[in-house]
Amino acid sequence: MSAALFQTTLYAALAICVAGLLWRISGWFRIRIGPDTQLITLSQRLGALFRGVVAALFGGRVVHFFGALVLDVLLQRRLYANAKLRWLGHLLIVAGFMLLLLMHALAAVVTVKLFPGYESTRAPHLFLRNLFGTMVVVGVALLLFGRWRSRRRTGLVSVRRPMAAAFLALLGFVMATGFLLEANKIASPQAFYRMARQSSGTADPTELKPLRAVWASEFGVAFDDLKEPIAAEVMAKGREMHEDDCASCHANPASAFVSYPVARALAPLAGRLDAADADTWLLYLHVLACFLGLATLPVTRFYHVLAAPVSLLVNGASPNRESSIAARASRRALAVDACVRCGICDAHCSVAPLARYLGNPYLLPSHKLIATGALADGCLLRSGHDGESRLVAEGAFLCTDCGRCTSQCPVGLDLADLWPAGRGDLVAAGLPAPAQRVQARPALAWAESLEPNSPSWQHGVADPDACYAPLSTDWLSFSRCVQCQTCTNVCPVVAHSTSPEQGVDLTPQKVMNLLRLGLRDLTLGSRMVWDCAICYQCQEHCPEGIRVADIMLELRALGMRRLGTVRSGSAPT
Amino acid sequence: MKYALFLGCKIPSQLPAYEASTRAVLEHLGVALVDLDFNCCGYPARNVSRDAFVVAAARNLALAERAGLDVVTPCTCCFGTLRHAIRFLGEDAALHSRVAQALAAEGLAWSGKTKVEHVLPVLARVIGVDALGAAVRAPRTGLRVAAQYGCHALRPSNVAGFDNPLAPTIFETLIGLTGATPVDWPRRLDCCGDPLHQANAPLSENITRAKISDALASGAEVMCTACPHCHLRFDGARADSPDPSIRTLLYTQLLGLAMGLPAKSLGL
């Protein structure tokens, strides 16, 4: 590979990488998540960062900071506590990758200092390179298996990650070309002659025959003209030549426990690979793929190598809950960035069964996190998928804030701080909780904007809502109402609604009456239905045994289904 | 005596003292508590889909059944929701089969064996007032306590099976056992206001305020709760407002103190 091409592509990749990283890191100080961060200025956020760094390094929590560095970042104790197999995979990848980077990619800088007289073809480097590469490959396999097993066990959908798949393919390509390149060099007669010219001063096949015999039988070079048995004295001569010219730089490649078997397998093709200049283009592919990985680092999964440790260190330095809103503003943006999409939060999510049954992935933390970020930087609303925004809102407002996602997150993200902030952003974006959305318009306006539904009182017509709301669609469950007003009289919502803006529109008994009249749609957007406290006073006291509160809940569920799909042209805001 | 402990969502994240005091008191009284991989009881989904709410609840019931345990919960709303799910599953065969199908995807099933109980009836009826009375070492004599029952413990009574819904006595009896004096207050069976906190905050405040004023006017020093929603609502009203407020104490804390357990083990 020409030095000019190498350097040009390396520096170009580095420049793209640094520019991308700067842009993404700037997001930590640009993106605002939560209404409480909207008025925080950039200088306040940078000030909080500066104070945080000073406090972390020179304050009383310096021990926590370094504790986080060792236990959380290097040893990944949070992942260990949660998923031992994936922890092992992660550690294998980190160790294998770092060692490859330092001892192989940066060998000229690092390895030469550690091993005087370093040659990539000497022991133990042949073995080590294969070991490190194998660690990465096995680690990736363990991670994928762990994730697949967890998803199968929980039945939850994964976040769609096209970039992650592309990155995995690129990583696989780098590993594959690395092993192939080494295997090709072992087997290649052309590489043998090139080296022989350098160290023995000749590339004459006849003159080199003893050496070739040794290298063919013991070093795996695939000469196609050494078919006949070699005499013992020729071998002895070859070993002598090897000791004189080669042994100082070349160990037996059999210790390259992946590349050597590959080389043996490639032996029949060695001549054709040489003719095609395979060692040149394999090197190009290998090196350029590495540079592509470097250049795309800020937008691939590789980015977590920076963001996740930063998040762990920041959390180690000071708990999120104790930090100022200016610091939390940045930490929320960082959290969206630092998520590694491992899905461990989803597996522990308290409302995961609801997500599964409702088919709404936005109940799950990993999906909700992405939506929260997309809402904050405007992507969610710009994308124009009204249905998707509704699903995001449904997910956000069904979250019970149980905090399990936060307690299990291997990156230590304070997700419980993000969810209320995200809900605030949804309200500000015109996607409030269902009750607030309903209360923005009178019940009659809602009823008029609904597509007509087949009413339950039409004889012989199956009610499409019957399966979701068996009580409020069944005449027998409310027809006994005698309008005695007992339900209204015991209702705390009726009793405590004093001002006109909080007032109930329909009393519980009127809701029952509308059902009796077959005017169910009139109740769906009613304040009474959505303000009901579900205290069951009405149901307990009803002299006719009508399940008033259960019916109220059904009407809300029907409202959620129907009010989301209003007639075109009359869509309420 | 052994139960699966169902904490729900609110207690671990926002009221860990309730978990600590429940464990301390029940374990002190010889009740073994088992932690299972429970999920949300399903209550929030009652607004969205009856099926989804019952599926969530039934998954918990199925987990307990697989472990061969009955469920005890310190949360009144979880108690009501799980009991409601049992009722709905019993009365709607089509719902039952849809839910069974959803559970089967996880290799779970519920045949109806699991019983769900709230902490208070377990204390009063399973452990029993005599055993409780004998365990009291440090009676809280003279403390005037208002019992906050919580809606879903009492109503609908054919689901909850907790006590007489119009004139319950179980909470006052339990308070009396600790040596404290239960206060009679007119609004003791009313809603705490918490369910409306998100939907209609001013209305929720009105309801909570009315209860606090009533308890104070009736001479109570402490509002005793047995539900994280009620408890946090009264604590929240105290934090938000300059109006007169009332000290809150979880029943498990009151009992723990009376049994002489260290305050720290009760989250105090």
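Please pick out the residue among B:Leu189, B:Leu232 that is touching a residue at least 24 places away in the same chain (Cβ under 8 Å), under 19 Å from B:Gly80 (Cα atoms) and part of a loop (DSSP other than H, G, I, E, B). First the steps, then the outcome.
Values: B:Leu232 fails: part of a loop (DSSP other than H, G, I, E, B).
The match here is B:Leu189.
Identify the single condition in (1) touching a residue at least 12 places away in the same chain (Cβ under 8 Å); (2) facing chain A (nearest Cβ under 10 Å) that B:Leu177 does not satisfy, given that it satisfies every other one.
(2)
Could you say which residue among A:Ala169, A:Ala256, A:Ala236 is open to solvent by less than 20 Å² (accessible area, probe 1.4 Å) and at negative phi? If you could, list the steps in order and put the result at the bottom.
Working: A:Ala169 fails: open to solvent by less than 20 Å² (accessible area, probe 1.4 Å); A:Ala236 fails: open to solvent by less than 20 Å² (accessible area, probe 1.4 Å).
Sole residue among the options that is open to solvent by less than 20 Å² (accessible area, probe 1.4 Å) and at negative phi: A:Ala256.
Kindly list, by first and then second residue, each pair from a residue in segment A:173-192 that is on the phi > 0 side of the Ramachandran plot to a residue that is open to solvent by 20 Å² or more (accessible area, probe 1.4 Å), limited to pairs with Cβ atoms under 8 Å and residues at least 6 apart or on different chains.
Taking only residues 6 or more apart or on different chains, not a single pair turns up.
Considering only residues that are acidic (Asp, Glu) and not in a loop (DSSP other than H, G, I, E, B), look in segment A:479-532 and name the one that is farthest from the other protein chains (Cβ to nearest Cβ). Let's see the steps before the verdict.
So in segment A:479-532, the residues acidic (Asp, Glu) come out as A:501, A:505, A:521, A:531.
So of that shortlist, the ones also not in a loop (DSSP other than H, G, I, E, B) come out as A:501, A:521, A:531.
Values: A:Glu501: 8, A:Asp521: 18, A:Asp531: 5 Å.
So, considering only residues that are acidic (Asp, Glu) and not in a loop (DSSP other than H, G, I, E, B), the one farthest from the other protein chains (Cβ to nearest Cβ) is A:Asp521.
When residues of segment A:15-44 are filtered for being under 18 Å from A:Thr300 (Cα atoms), open to solvent by 70 Å² or more (accessible area, probe 1.4 Å) and touching a helix residue (DSSP H, G or I) at 6+ places or on another chain (Cβ under 8 Å), how many remain?
Step one: of segment A:15-44, the residues under 18 Å from A:Thr300 (Cα atoms) are A:15-28.
Then keep just the ones that are open to solvent by 70 Å² or more (accessible area, probe 1.4 Å); that gives A:16, A:18, A:22-23.
Still in the running and touching a helix residue (DSSP H, G or I) at 6+ places or on another chain (Cβ under 8 Å): A:16, A:23.
Count: 2.
From the list B:Leu166, B:Leu203, which residue is within 21 Å of A:Glu540 (Cα to Cα), facing another protein chain (nearest Cβ under 9 Å) and over 18 Å from the mean Cα position of the chain (by Cα)?
On the way: B:Leu203 fails: within 21 Å of A:Glu540 (Cα to Cα).
Only one candidate qualifies: B:Leu166.
Determine which single condition A:Asp277 fails, assuming it passes every other condition in (1) at pLDDT 90 or above; (2) in contact with a helix residue (DSSP H, G or I) (Cβ under 8 Å, 6 or more places away or on another chain).
The failed condition is (2).
Output yes when any residue across segment B:218-227 is within 13 Å of another protein chain (Cβ to nearest Cβ), buried (at least 19 other Cβ atoms within 10 Å of the Cβ), touching a helix residue (DSSP H, G or I) at 6+ places or on another chain (Cβ under 6 Å) and within 28 Å of B:Pro139 (Cα to Cα), and no when none is. Steps first, please.
Of the residues in segment B:218-227, the ones within 13 Å of another protein chain (Cβ to nearest Cβ) are B:227.
From what's left, buried (at least 19 other Cβ atoms within 10 Å of the Cβ): B:227.
From what's left, touching a helix residue (DSSP H, G or I) at 6+ places or on another chain (Cβ under 6 Å): B:227.
Going one step further and asking which of them are within 28 Å of B:Pro139 (Cα to Cα), we end up with B:227.
Yes, the conditions are met somewhere in segment B:218-227.
Filter the helices (runs of 4 or more DSSP H) completely within segment A:45-150 down to those with at least 2 residues that are open to solvent by less than 60 Å² (accessible area, probe 1.4 Å).
Those helices (runs of 4 or more DSSP H) span A:62-67, A:77-82, A:84-100.
Output the residues belonging to segment A:213-272 that are small (Gly, Ala, Ser) and over 53 Å from the mean Cα position of the chain (by Cα). Let's see the steps before the verdict.
Restricting attention to segment A:213-272, the residues satisfying the condition of being small (Gly, Ala, Ser) are A:213, A:216-217, A:220, A:222, A:231-232, A:236, A:238, A:247-248, A:251, A:254-256, A:259, A:263, A:265, A:267, A:270-271.
Those that are small (Gly, Ala, Ser) and over 53 Å from the mean Cα position of the chain (by Cα): A:Ala213, A:Ala231, A:Ala232, A:Ala236, A:Gly238.
Restricting to segment B:208-229, name every residue that is in contact (Cβ under 8 Å) with a residue 60 or more places away in the chain and of a type in the set (Ser, Thr, Tyr).
B:Ser218, B:Thr225
Output the number of the condition that A:Trp87 fails; it satisfies all remaining conditions of (1) at pLDDT below 95; (2) within 24 Å of A:Asn315 (Cα to Cα).
Single failed check for A:Trp87: (1).
Mind checking which residues of segment B:1-42 are away from chain A (no Cβ under 14 Å), within 24 Å of A:Cys349 (Cβ to Cβ) and not in a helix (DSSP H, G or I)?
Matches in segment B:1-42: B:Ala4, B:Leu5, B:Leu33, B:Val34.
Give all pairs with beta carbons closer than 6 Å in which a residue from segment B:17-36 that is at pLDDT below 95 meets a residue that is among the hydroxyl-bearing types (Ser, Thr, Tyr) and open to solvent by 20 Å² or more (accessible area, probe 1.4 Å); count only pairs at least 6 apart in sequence or on separate chains.
Pairs found: none.
Out of B:Ala153, B:Ala160, B:Ala147, report the one residue that is modelled with pLDDT of 95 or more, facing another protein chain (nearest Cβ under 10 Å) and in contact with a Phe, Trp or Tyr (Cβ under 9 Å, 6 or more places away or on another chain). So that I can check it myself, show each step before the final result.
Numbers: B:Ala153 fails: facing another protein chain (nearest Cβ under 10 Å); B:Ala147 fails: facing another protein chain (nearest Cβ under 10 Å).
Checking each option against the conditions leaves just B:Ala160.
Go through segment A:311-327 residue by residue and tally those that are open to solvent by less than 40 Å² (accessible area, probe 1.4 Å) and in a helix (DSSP H, G or I).
8
Considering A:Thr177, A:Thr154, which residue is away from every other protein chain (no Cβ under 14 Å) and either open to solvent by less than 40 Å² (accessible area, probe 1.4 Å) or of a type in the set (A, V, I, L, M, F, W, C) (or both)?
Values: A:Thr154 fails: away from every other protein chain (no Cβ under 14 Å).
Answer to the check: A:Thr177.
Among the listed residues B:Ala210, B:Ala199, identify the single one that is of a type in the set (A, V, I, L, M), open to solvent by 10 Å² or more (accessible area, probe 1.4 Å) and part of a loop (DSSP other than H, G, I, E, B).
On the way: B:Ala210 fails: part of a loop (DSSP other than H, G, I, E, B).
None of the others qualify; the one that does is B:Ala199.
From the list A:Val511, A:Val504, A:Val490, A:Val482, pick out the single residue that is open to solvent by 20 Å² or more (accessible area, probe 1.4 Å) and closer than 24 Å to A:Ala440 by Cβ.
Exactly one residue qualifies, and that residue is A:Val504.
Name, by its number, the condition in (1) within 19 Å of the chain's Cα centre (by Cα); (2) more than 12 Å from chain A (Cβ to nearest Cβ) that does not hold for B:Cys77.
(2)
Please go through segment A:408-421 and give me each residue that is open to solvent by 20 Å² or more (accessible area, probe 1.4 Å) and either more than 17 Å from B:Pro12 (Cβ to Cβ) or touching a residue at least 24 places away in the same chain (Cβ under 8 Å) (or both), ordered by number. Let's see the steps before the verdict.
As a first pass, look at segment A:408-421 and keep what is open to solvent by 20 Å² or more (accessible area, probe 1.4 Å): A:408, A:414, A:416, A:420.
Residues satisfying the conditions are A:Gln408, A:Asp414, A:Pro420.
The values are calculated or read from the model by the stated rules, or taken from the named source; none is laboratory data. Keep in mind the model is a prediction, meaning the values are calculated, not measured. Neighbour counts run over all protein chains shown; Cβ positions are idealised from the backbone, glycine included. Quick note on the areas: whole protein, heavy atoms, side chains included, nothing else; ligands and nucleic acids left out. Shrake-Rupley method; radii C 1.70, N 1.55, O 1.52, S 1.80 Å.
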